[in-house]
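Working notes, structure below.
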There are 6 protein chains.
Amino acid sequence: MAGDNAASGDRLSTGIEGLDTILFGGIPLGNQVVVGGGPGAGKTLLCFEIIYQNAKMGIPCAFIALEEQEKVVLNNFKRAFPAFSDVDELVSSNKIVLAGEEVAAKIQVGSDSESYSFGNVLSSMENVIRSNGAKCVVIDSLSLIKLMFGKSTVYRRYMLALSSNLRRLGVTSLLTVELPRTNRGDMVFSPEFFIFDGTIVMYQNLEEDKRAFNLEVVKMRGSNHSLSFAPYEITNKGFKVFSISEA
Amino acid sequence: MAGDNAASGDRLSTGIEGLDTILFGGIPLGNQVVVGGGPGAGKTLLCFEIIYQNAKMGIPCAFIALEEQEKVVLNNFKRAFPAFSDVDELVSSNKIVLAGEEVAAKIQVGSDSESYSFGNVLSSMENVIRSNGAKCVVIDSLSLIKLMFGKSTVYRRYMLALSSNLRRLGVTSLLTVELPRTNRGDMVFSPEFFIFDGTIVMYQNLEEDKRAFNLEVVKMRGSNHSLSFAPYEITNKGFKVFSISEA
Amino acid sequence: MAGDNAASGDRLSTGIEGLDTILFGGIPLGNQVVVGGGPGAGKTLLCFEIIYQNAKMGIPCAFIALEEQEKVVLNNFKRAFPAFSDVDELVSSNKIVLAGEEVAAKIQVGSDSESYSFGNVLSSMENVIRSNGAKCVVIDSLSLIKLMFGKSTVYRRYMLALSSNLRRLGVTSLLTVELPRTNRGDMVFSPEFFIFDGTIVMYQNLEEDKRAFNLEVVKMRGSNHSLSFAPYEITNKGFKVFSISEA
Amino acid sequence: MAGDNAASGDRLSTGIEGLDTILFGGIPLGNQVVVGGGPGAGKTLLCFEIIYQNAKMGIPCAFIALEEQEKVVLNNFKRAFPAFSDVDELVSSNKIVLAGEEVAAKIQVGSDSESYSFGNVLSSMENVIRSNGAKCVVIDSLSLIKLMFGKSTVYRRYMLALSSNLRRLGVTSLLTVELPRTNRGDMVFSPEFFIFDGTIVMYQNLEEDKRAFNLEVVKMRGSNHSLSFAPYEITNKGFKVFSISEA
Amino acid sequence: MAGDNAASGDRLSTGIEGLDTILFGGIPLGNQVVVGGGPGAGKTLLCFEIIYQNAKMGIPCAFIALEEQEKVVLNNFKRAFPAFSDVDELVSSNKIVLAGEEVAAKIQVGSDSESYSFGNVLSSMENVIRSNGAKCVVIDSLSLIKLMFGKSTVYRRYMLALSSNLRRLGVTSLLTVELPRTNRGDMVFSPEFFIFDGTIVMYQNLEEDKRAFNLEVVKMRGSNHSLSFAPYEITNKGFKVFSISEA
Amino acid sequence: MAGDNAASGDRLSTGIEGLDTILFGGIPLGNQVVVGGGPGAGKTLLCFEIIYQNAKMGIPCAFIALEEQEKVVLNNFKRAFPAFSDVDELVSSNKIVLAGEEVAAKIQVGSDSESYSFGNVLSSMENVIRSNGAKCVVIDSLSLIKLMFGKSTVYRRYMLALSSNLRRLGVTSLLTVELPRTNRGDMVFSPEFFIFDGTIVMYQNLEEDKRAFNLEVVKMRGSNHSLSFAPYEITNKGFKVFSISEA
């Protein structure tokens, strides 16, 4: 396996040590990364912590919550990670923009006919991102969009449009996807895993008497990455990703 | 794994010792928890016992039975748990409101066309909850709603509306879901497991010559929880959940 | 596991010793029990023997055969169990009402459009039950109704109506369901297993060089029951269910 | 397992020694038996040999070939079993009526719309059976009818009508069904296995370096039967079924 | 297992020694044999070599290529088997007729509506066969026809018509079918495997570090055949089928 | 296994040593090869490296990117393989034509009705190929086309048209296909694997604690090839395919 092949200036550190290690330094700037996992895997928390860690380093960020009120998302984050209570300052100082209701409203208002203009959703997202000049964006979750627009051909077209829009805006992005099964061996890759630049999957493998959390970087365009499964824990102080060192 | 990160005043005790243990103290107040299981797993009984135990501690509760006459639900509970015969007093003193027929009627009356107003169902539920100022609510079961409204996009939208409504009312809630398969390895997570705050699954694993009951907290927003599978029994005196102590 | 928690006066003995044992005394009166199994498992014979044994004890019973002429059902029973030849007297003395043709005719006459009135089927069943004041009723099989009415939402609604009707009539009932697979591990639970009060599954597990019959009480509202699989045989003198004694 | 419980005068011998043994004497007279198997299992040959053996004993028989010209079926039989060359005499003396073309024509002529009258098919079959007063009838195969009539509710209704018709005619019948998979563990039972009186399945289990033929009597109304799998071979002199003796 | 029961004059030798061995001498004259396999199994090459070997023995043959230009098929054959370069003479002397474009054109020209006349396809095939009085015919592949005509009831009807047509012409035929999976255990048999007289499946079993080729004669009307799996190789000099000798 | 049976002048070297070895020299000129794999397998990079290596040897090539802007594809390639930075010269000297936007535009512009003219897509591709007289062409990916045109019968017809067009142009081509599962045992072969001349699959097998990359040549018309699975790595200096030498 090759070493780091993007200069560190070309990457967005996730702020999570073990995760940066298996990413060989971070996410290549501008990449669009799908984060998939089952319920309880911590998809939303992981993405929020990356936002939080980057905002603390001074990078403007945005979190677009399509299914949840923004203050609920913030509250869940604070309850899960008491050590990150300074997140409120980051929000009030606009380093983190929390949004989504106005985007979700665009979806809710429309009928579920095929002719609904996905363009409104995209421009609504763009407004959020431009509001603080965010460099790193989370969209939580793509599964909502998938369900709202029935036909798979339509969904794929919208994903291509979303990808193209995010690239034009120049942001690095994390897009969550809900997985119906949580075991490594049962993974089925739908179109979004091919369209976007990167794929991180959070597995919950069934062991003798409990679930075990494992994270895998399946794909990361423009960079090499670890091919191993990395165990992780969700602690009061955020994510701990255990990477086995590789040459 | 982190310790308890919600103050105990922020939680609803389930009144079931072992279950509180694996929940690291109880369900965070205001959380909406999906309880999934196959036939015979005891979903309805578990939710009713939580209602019963809380009502005994003076907390007003509501049980919305969509598929069963209210008096039948009460009767089944008393027959299953003779030790809890004082449940009648809790019902007559309005600490527990048992309802559902008027909600189910709203569904039965409507045609099964897509345009049926789910709003009637929601306001009907709200009336029940307001009738005794319930703080803890059971809805048994979501699967009925799923089957009544054919399209999955519609079902998800209704679940988002239900979630938003329950949050506005400020109640802690338990929502049962029927699972077609009972084994851990066969679990498939549908949208409700992502939309709501928590997921508890009751498995019946096939062993050599019988079924074995196991319970798992898959997800609980705003709190850590045990990652282990906890065996349980249904006794004359209610549920016994066996938790392995964790640091 | 708790002991018997319904007084014996509250139960219907199945008249089959081993089955009563694993039911901890019998079926709680008024319960509606789904009996599922593959071809050759003996669903119809088991239900008929329960009818026969109860009729001999003086309890009026009814057998509603939706797919088979009544005299054919009777004949199959007599050929399978020569020791029960006195069944003819029970039929002629009206202790057992054998019916179904007029119910099935109601289904056959109707078109297979969604608007067909399931009400005719229900009132036709009610006439049969009232004809001898039956306390225990078999409906063989629900699968016919499932196939006749295409949409699963419609089927579930009809099952809820059937359940509500049987409860109003106050009868204890057994409802057979055809299972496409016969192995324990392949079991998938459809809505009827959740709607009705009890579930008994008759498995045919593949062993080295033959099938082995096993019976399981998966669910029984208002009562505890054995969690073990009970081997059974179909002999000239009726069913033999082998229960392992439990405390 | 109980012994033979139908008097031998009440049974149709299959004329195949081992098969009669596991059937505890033969097929109860008037029973309708589904014979399922994958390609190459020998369904058609087995049914034809039963016809042949019975015709030799003087019993008039009929073979209704829906997919194949009658002379082709006869030719295949003679080529597979050179020892049974006297089958020609049985055909010319009308002990065996070979038919099907006029029945199949009834199907081909009709459009594939749902309203096609299945009644024509039934009366056409009846004419064949009445032509030589056949007591034993083969219909090869039900799968053709299944495919011709799309909807499963329609197919089941036609199968009920076919069953009722055969019963009225008083014949013992064998009805072949094509199985898409040939292994014991993969068996899925469709409606015909529940509607008709008996089920014999011919498996081809995959072993290390070849297929092994096994036959199982899954169901036989009005009689007990062996529960074991019986290996079989197709030889120049007909079927050899190896039964393990049972008490 | 019985010995050869068709006189050798009644069979078409495949010209491939090991294959003739497991066919107990060859394919019974006039049989229609389905040859199924995954990509790379060599279905087309095997059928073409049988044509080639027979043409060399003076038997006129036809190869109807529905998906490929005729000269491409010929070229692929010559590139795969340099040792068979004399195939050109067989083609130019009309011992082998290579066709298909005019048949495929008939399909392409028609719309994909259900009313498209499959009769044109059949008469087009007949013209090819009559052009050199072919005794052995390959149709490559049935899967194209299956996909072109959507409904499975229609496909089956066309297959019955094709079978009947080939029988009327008196030819021995090989019909290729594409299999989506290549492992023995995953085999699912669709209608064509039941309609036609014979079935040969070419498996590619996954072994430790490569695929292994195995061939099986699943069915062959009018003849016994080996029940073993026969390993095979594709060499410069054609197919090598390794048969284990049987008594 | 036979040796190389196409003269080396008849082959396109892939420029990747190990891959040429298992291809027994390279891809037969004019062949159309499907390259399938899951996300992160490196399908696009492998195809681009083959283009790059051939362009360096002076052979004009084209890369048609249907889902990605051309400059993004180029950028990803340079970031993945810093050692191949001279790719820019090959592009500016027109040895490599990077295109796709105008082709994709043809798809996007059209409605998703069945009547959309796929011919525009084909002629658009032809224009790209003719622009530099490309001898080797990559189309990335067929899955986009599959999703854009709903019905499988239509997709297959378009694939036949694409194949015929590429053959007329005389180019050697690589066509990527997205696979939803990445394990060898889960492979399901859809029509494109049968229509085109060659199939290379890039697997990611799950091992104890990581994914392992393996490549297999499943099919290659007009040539023999290795039947083994070849491990591979993606390094800074391109692909390394590890072939086990065969006689």
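Restrict the check to segment D:47-57 and report whether at least one residue is open to solvent by less than 20 Å² (accessible area, probe 1.4 Å) and over 30 Å from E:Leu29 (Cα atoms). Explain how you work it out, then say what you get.
Step one: list which residues in segment D:47-57 are open to solvent by less than 20 Å² (accessible area, probe 1.4 Å), which gives D:47-52, D:54-55.
Going one step further and asking which of them are over 30 Å from E:Leu29 (Cα atoms), we end up with D:54.
The answer is yes, given that some residue of segment D:47-57 is open to solvent by less than 20 Å² (accessible area, probe 1.4 Å) and over 30 Å from E:Leu29 (Cα atoms).
The lone criterion from (1) within 9 Å of chain A (Cβ to nearest Cβ); (2) more than 25 Å from B:Gly133 (Cβ to Cβ) left unmet by B:Thr235 is number (1). Taking (1) under 22 Å from A:Ile234 (Cβ atoms); (2) modelled with pLDDT of 90 or more in turn, A:Phe193 satisfies each apart from (1). Among the residues of segment D:182-198, those identified as surrounded by fewer than 21 Cβ atoms within 10 Å (Cβ to Cβ) and more than 8 Å from chain C (Cβ to nearest Cβ) are D:Asn183, D:Asp186.
Of the residues in segment D:229-243, none is modelled with pLDDT under 90 and touching a Lys or Arg at 6+ places or on another chain (Cβ under 7 Å).
Give the residue, chosen from F:Val201, F:Val177, that is open to solvent by less than 10 Å² (accessible area, probe 1.4 Å), closer than 25 Å to E:Thr235 by Cα and out of contact with any Pro (no Cβ under 8 Å at 6 or more places or on another chain). Explain how you work it out, then say what you get.
Details: F:Val177 fails: closer than 25 Å to E:Thr235 by Cα.
Criteria check complete, one pass: F:Val201.
Please list, ordered by residue number, the helices (runs of 4 or more DSSP H) wholly in segment C:130-233 having 2 or more residues that are over 19 Å from C:Ala65 (Cβ atoms). Here the list reads C:152-169, C:192-195. Against the numbered list (1) facing another protein chain (nearest Cβ under 9 Å); (2) farther than 20 Å from A:Asp10 by Cα, A:Arg221 comes up short only at (2). Scoring A:Leu179 on the criteria (1) away from chain F (no Cβ under 13 Å); (2) under 25 Å from A:Glu49 (Cβ atoms) leaves a single failure, condition (1).
Is it true that A:Ile195 is of a type outside the set (Asp, Glu), touching a strand residue (DSSP E or B) at 6+ places or on another chain (Cβ under 9 Å) and closer than 16 Å to F:Pro39 by Cα?
Values: of a type outside the set (Asp, Glu): yes; touching a strand residue (DSSP E or B) at 6+ places or on another chain (Cβ under 9 Å): yes; closer than 16 Å to F:Pro39 by Cα: yes.
The answer is yes for A:Ile195.
Remark: E:Lys240 matches the filter, which requires a residue to be open to solvent by 40 Å² or more (accessible area, probe 1.4 Å) and either more than 8 Å from chain D (Cβ to nearest Cβ) or of a type outside the set (A, V, I, L, M) (or both). The number of residues in segment E:199-218 that are facing chain D (nearest Cβ under 9 Å) and touching a Gly at 6+ places or on another chain (Cβ under 8 Å) comes to 3. Among the conditions (1) charged (D, E, K, R); (2) open to solvent by 40 Å² or more (accessible area, probe 1.4 Å); (3) in contact (Cβ under 8 Å) with a residue 60 or more places away in the chain, B:Arg168 misses just one, which is (3). Would you pick out the residues in segment B:214-223 that are surrounded by fewer than 23 Cβ atoms within 10 Å (Cβ to Cβ) and touching a residue at least 40 places away in the same chain (Cβ under 8 Å)? Matches in segment B:214-223: B:Gly222 only.
Give segment D:134-165 a look and list any residue that's within 18 Å of the chain's Cα centre (by Cα), more than 22 Å from D:Gly37 (Cα to Cα) and not hydrophobic (A, V, I, L, M, F, W, C), or say none. Listed by number, the residues that qualify are D:Lys135, D:Ser164, D:Asn165. All conditions in (1) in contact with a Pro (Cβ under 8 Å, 6 or more places away or on another chain); (2) in contact (Cβ under 8 Å) with a residue 40 or more places away in the chain hold for F:Pro28, with the sole exception of (1).
Where residues in segment D:128-160 are of a type in the set (D, E, K, R) and open to solvent by 20 Å² or more (accessible area, probe 1.4 Å), which of them is farthest from the other protein chains (Cβ to nearest Cβ)? Before the answer, list the steps.
At the first step, the residues of segment D:128-160 found to be of a type in the set (D, E, K, R) are D:130, D:135, D:140, D:146, D:151, D:156-157.
Next, only the ones that are open to solvent by 20 Å² or more (accessible area, probe 1.4 Å) stay: D:130, D:135, D:140, D:146, D:151, D:157.
On the way: D:Arg130: 22, D:Lys135: 19, D:Asp140: 10, D:Lys146: 9, D:Lys151: 8, D:Arg157: 7 Å.
Only one residue tops the list, namely D:Arg130.
Give segment E:58-75 a look and list any residue that's open to solvent by 20 Å² or more (accessible area, probe 1.4 Å) and not acidic (Asp, Glu), or say none. Outline the logic, then answer.
To start, the set of residues in segment E:58-75 that are open to solvent by 20 Å² or more (accessible area, probe 1.4 Å) comprises E:58-60, E:67-71, E:74-75.
Across segment E:58-75, the qualifying residues are E:Gly58, E:Ile59, E:Pro60, E:Gln69, E:Lys71, E:Leu74, E:Asn75.
The values are calculated or read from the model by the stated rules, or taken from the named source; none is laboratory data. Fair warning: this is a prediction, and the values are worked out from it, not measured in the lab. FYI the Cβ positions are ideal-geometry reconstructions off the backbone, even for glycines, and counts take in every protein chain you see. Surface areas here come from the heavy atoms of the whole protein model, side chains and all, with no ligands, DNA or RNA. Shrake-Rupley method; radii C 1.70, N 1.55, O 1.52, S 1.80 Å.
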